[in-house]
Amino acid sequence: MLDASTRPAAVTLRDIWKVFDGVPVLRGIDFELRAGEVHALLGGNGSGKSTTVKIITGAYRPTEGRIEVMGKLASFARPSEAHARGIYMVPQEPQIFPSLSVLENLTMGLAGDAASNEARARALADEIGLSVDFAATGGSISIANQQLVEIVRGLMRNAKVLILDEPTSSLTRREVNSLALQMRALTARGIAILFISHRLDEVLEFSDRVSVLRDGSFVLSAPVAGLTPEGLIEAMLPSDLGQAGAARPARPALTGDSAPVLELRGLSGRAFRDVSLTLRPGEVVGLAGVVGSGRTELAEAIFGIDPEVTGEVWIGGQQVTARTPRRCMEMGLAYLPEDRHAHGIFLELPAAQTISASALALGQRALLSRRREEDFAQGFIGRLRIKLTSAQQVARTLSGGNQQKVVLAKALALNPRAVILDEPTRGIDASARQDVYRIIRELTDAGVGVLVISSEMAEIAQLADRVLVMKRGVLSRLGDGAQSLEQISAAAFDAPGRATDTQNPAVPS
Amino acid sequence: MMRIVKSREFLVLALLVTMILAVSTVNKAVLYPITLINIVNSSLFLMLLTVGQMFVILTRGIDVSVGAIAGLSAVIFGFALNAGAPLPLAMLAALATGAVAGMVNGLGVVLIGVPPIIMTLSTLGIYRGLMRVLTGGSWIEQVPPSIKSLAVTRVYSVPVMVWVVLAVVIVTAVLMARIRAARWFYAVGDNRDGAFLLGINAAATEFAAYAFSGLFAGMAAVVFVAQIGFVPMQTGSGQELKAIAAVVLGGVSLMGGTGRIWSAVVGALFLTAVDSMMIFLKVPGSWNNAVAGAVLLSVVIADYLIRRSLRNRQAVARAAEMRGADGPTMRMTEARS
């Protein structure tokens, strides 16, 4: 292998700043991606990883700083300008034309005559190992092949830099192995690959160098030799984790014999297998897992949104078959969805109407009373400290944190005995986050069981009485008291040999 | 071969033949060549509207103003002829009227971002109103007979209009297959973000679709005036919905990205044939719309059910494959050592 330091730089970032609404997301980063290397980019939520990628691909302009491509200054107003300079991104979800043929997918938008484009597409597809019927529609080929279609598209545009965003997240083992070979073939042609992944074993296996972002700065940038999964995790974790861990007040030991408010027995669905767990009154169970681990699919299956599930769900000591969201709510289970805009809030309606929506949906009265609705909403606005001018303020005009509290109020309006919170603090500011944590504590004090799903390991460590880790659809349990941030992260980020699997379900081979 | 047989156009064409054969058991006259030619002849107006509509629907838009555009173009055509303009010039005026009216739709949708249904619903009102204002609400009757003779001239006993529209359709189909930018209509409708990322000018593509829709409505106006010899106020009224129905019937997805000229042609032929069959079955004309609507609904539902069962079978097969291959059989680290 060539000595990495002698290769020319393909993309160089110098002192790049990106500021959103006065909040710096990138704080003067320096970064070098060299020709012919696979360079892994790591970082947790909010580390600035996706902002960095968007700046390289022309989706964002940096607030300050210089971008150089092949040693020349560059400035991109849109992605097609980055294409013209040889930078091509393969998004996590390939941008395929599902109804057009594979050939059309490969050659769409290219200049030059059709015959020579097709010949080139075929040659490159052979070289990369994309062996599908070129007349098949884009939507009918596997995700792995759709990704290869994207890679060939990039090569057709003479890409010198390929950015692969979580390319392995929806691939099978076999497909990951062959992608690794393809990445090597590409670097042998002098192409630079920026490789983004949550899977530390793959990062260490496939990359030449690794850079880790934390809070908008690079905290590590080194050749892969000598790095360990533990070292990477340590670099990714926030530096103030000591205080975060200490913030959790000592709680009286929960009596093991109180009847569970939520119990899963051998639940299997599209993205998870044989999940069993119990949630007792007044308990916070943390479910840690990276994006794509199957945690949201699990929550949606419990709440009856996805009916294609086997196994049992018990709410308040009763088995609930033929689950629908309505049935679950009637049984006393509430669910805070991950994507509040798409699934949680009525953006164009007054906040009071979102808050009262679930209570109204299950209510018995036929007629609405504006005043009763207002009083009802005011109760939650006070309790959750929602900041708004009036209960009639339209939700769209609220801050993210207050929108999240409105959605939380809607879930709590039913007086649930168990609550599933999926990423309850995503995209909200620090003080709203503390409010959410306080609300969770109040709920548990009142005897409600809370299942918190989060990809932020620090949040899980701070909130949870017990921690479960979901990884590629399989749940593993961390022993009681063994929930240090490092252990949770190691298990969730798939560091080899670190997860303390005490529950290893039978898996069809 | 199987691809053609499985296509929606083939399904509709087969239904069309079945329907005609079935009606022929009641009334033999339906199989006379002259009858079949007449069906094609009376479908020409709708066919042109439908082909134009297809461009818009390919890009995931919709144009409900095509009937009104045809009406307005017919009025301009009639005015030009009555003012003594030579036929080619009058035709050009009609086509230009249609194209400009379509471009206005395109500008509203692309430049200002008005949702297509709102934009074209508004221009539907505007163009129909303009028609009334220009004519003072009365029909244009004294169209020169020269134009009417166009419609009665026959070549190989087929009206010359049929040949002309056939030529237009074939030329359009060839251009669609040959011109690179024609693929952009599909790309933009199938995945607008993806098209943008590949450097395709999505806005210009959408604009062109509305302009073509208007242009074809202008052509339809010329055919219409030639066939009936005057311009009634109702010209094109209600035809926009028929054009959309025909496009859908032919297999063009309202979600954009799929469809061929073929689909539009077959859809328009079928809807026209349904009307004719009613006459041969001596069903009162008041039933026409109800029957056409029922036919459209049944074809679309049947097609949906067929496709869903196909898709389910594929999904089950793929899930089984995933499960077999995705077991944690081998870790990467082990694979290396």
Failed condition for A:Met89, given (1) touching a strand residue (DSSP E or B) at 6+ places or on another chain (Cβ under 8 Å); (2) more than 10 Å from chain B (Cβ to nearest Cβ): (2)
Flag for A:Thr57 being crowded, with 22+ Cβ neighbours inside 10 Å and within 14 Å of chain B (Cβ to nearest Cβ): yes
Answer residue from the stretch A:142-189, given it is closer than 29 Å to A:Arg85 by Cβ and of a type in the set (Val, Ile, Thr) and is farthest from the chain's Cα centre (by Cα) among those: A:Thr187
Within the stretch B:225-272, tally of residues that are more than 15 Å from the chain's Cα centre (by Cα) and under 17 Å from B:Leu166 (Cβ atoms): 2
Residue, surrounded by the fewest Cβ atoms within 10 Å (Cβ to Cβ), within the stretch A:250-266, restricted to residues that are hydrophobic (A, V, I, L, M, F, W, C), more than 16 Å from A:Val469 (Cβ to Cβ) and at pLDDT 80 or above: A:Ala259
Any hit, the stretch B:166-183, residues being farther than 30 Å from B:Asn201 by Cα and at pLDDT 80 or above: yes
Sole residue being under 28 Å from A:Glu32 (Cα atoms) and within 11 Å of chain B (Cβ to nearest Cβ), chosen from A:Gly138, A:Gly154: A:Gly154
Verdict on A:Glu104 being of a type outside the set (A, V, I, L, M, F, W, C), surrounded by 16 or more Cβ atoms within 10 Å (Cβ to Cβ) and not in a loop (DSSP other than H, G, I, E, B): yes
Positions within the stretch A:441-462 being buried (at least 20 other Cβ atoms within 10 Å of the Cβ), aliphatic (A, V, I, L, M) and within 19 Å of A:Ala411 (Cα to Cα), in sequence order: A:Leu443, A:Val448, A:Val450, A:Leu451, A:Val452, A:Ile453
Search result, residues across the stretch B:167-217 that are surrounded by fewer than 20 Cβ atoms within 10 Å (Cβ to Cβ), under 17 Å from B:Val110 (Cα atoms) and more than 11 Å from chain A (Cβ to nearest Cβ): B:Ala203, B:Ala204
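Conditions tested, residue by residue: (1) more than 12 Å from chain B (Cβ to nearest Cβ); (2) part of a loop (DSSP other than H, G, I, E, B); (3) buried (at least 17 other Cβ atoms within 10 Å of the Cβ); (4) at negative phi.
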| site | (1), (2), (3), (4) |
| --- | --- |
| A:Thr168 | no, yes, yes, yes |
| A:Ser178 | no, no, no, yes |
| A:Thr187 | yes, no, yes, yes |
| A:His198 | yes, yes, yes, yes |
| A:Leu204 | no, no, yes, yes |
| A:Phe218 | yes, no, yes, yes |
Flag for A:Ala125 being over 21 Å from A:Gly36 (Cβ atoms), of a type outside the set (Lys, Arg) and in a helix (DSSP H, G or I): yes
Test: B:Arg307 is within 28 Å of B:Ala173 (Cα to Cα), in a helix (DSSP H, G or I), at pLDDT below 85 and within 14 Å of another protein chain (Cβ to nearest Cβ): yes
Pair list, Cβ < 7 Å and 6+ apart or interchain, from the stretch A:154-175 residues that are free of Cβ contacts under 8 Å to residues at least 12 places away in the same chain to residues that are outside any helix (DSSP H, G or I) and among the charged types (D, E, K, R): A:Arg173/B:Asp326
Cross-chain or 6+ apart pairs with Cβ under 8 Å, the stretch B:188-209 first and on the phi > 0 side of the Ramachandran plot, then part of a helix (DSSP H, G or I) and crowded, with 18+ Cβ neighbours inside 10 Å: B:Gly199/A:His83
Residue identified as more than 19 Å from A:Val290 (Cα to Cα), modelled with pLDDT under 85 and of a type in the set (D, E, K, R) among A:Asp501, A:Asp429: A:Asp429
Top-ranked residue in the stretch A:391-428 [being within 18 Å of the chain's Cα centre (by Cα) and part of a loop (DSSP other than H, G, I, E, B); ranked as surrounded by the most Cβ atoms within 10 Å (Cβ to Cβ)]: A:Pro424
Filter pass, A:Val152 being β-branched (Val, Ile, Thr) and surrounded by fewer than 19 Cβ atoms within 10 Å (Cβ to Cβ): no
Members of the stretch A:111-129 that are in contact with a helix residue (DSSP H, G or I) (Cβ under 8 Å, 6 or more places away or on another chain), more than 8 Å from chain B (Cβ to nearest Cβ) and on the phi < 0 side of the Ramachandran plot: A:Asn117, A:Glu118, A:Arg120, A:Ala121, A:Leu124, A:Ala125, A:Glu127, A:Ile128
Some residue of the stretch B:110-118 being crowded, with 17+ Cβ neighbours inside 10 Å and under 20 Å from B:Ala220 (Cα atoms): no
Residues satisfying the stated conditions in the stretch B:13-55, i.e. under 30 Å from B:Leu72 (Cβ atoms) and either outside any helix (DSSP H, G or I) or of a type in the set (Phe, Trp, Tyr) (or both): B:Phe45, B:Phe55
Out of B:Ser65, B:Ser7, B:Ser73, B:Ser24, sole residue that is small (Gly, Ala, Ser), modelled with pLDDT under 90 and touching a helix residue (DSSP H, G or I) at 6+ places or on another chain (Cβ under 7 Å): B:Ser24
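The values are calculated or read from the model by the stated rules, or taken from the named source; none is laboratory data. Small disclaimer: the values here were computed from a predicted structure and weren't measured. Quick reminder, even Gly has a Cβ in these numbers, built from the backbone with ideal geometry, and neighbours come from all protein chains shown.
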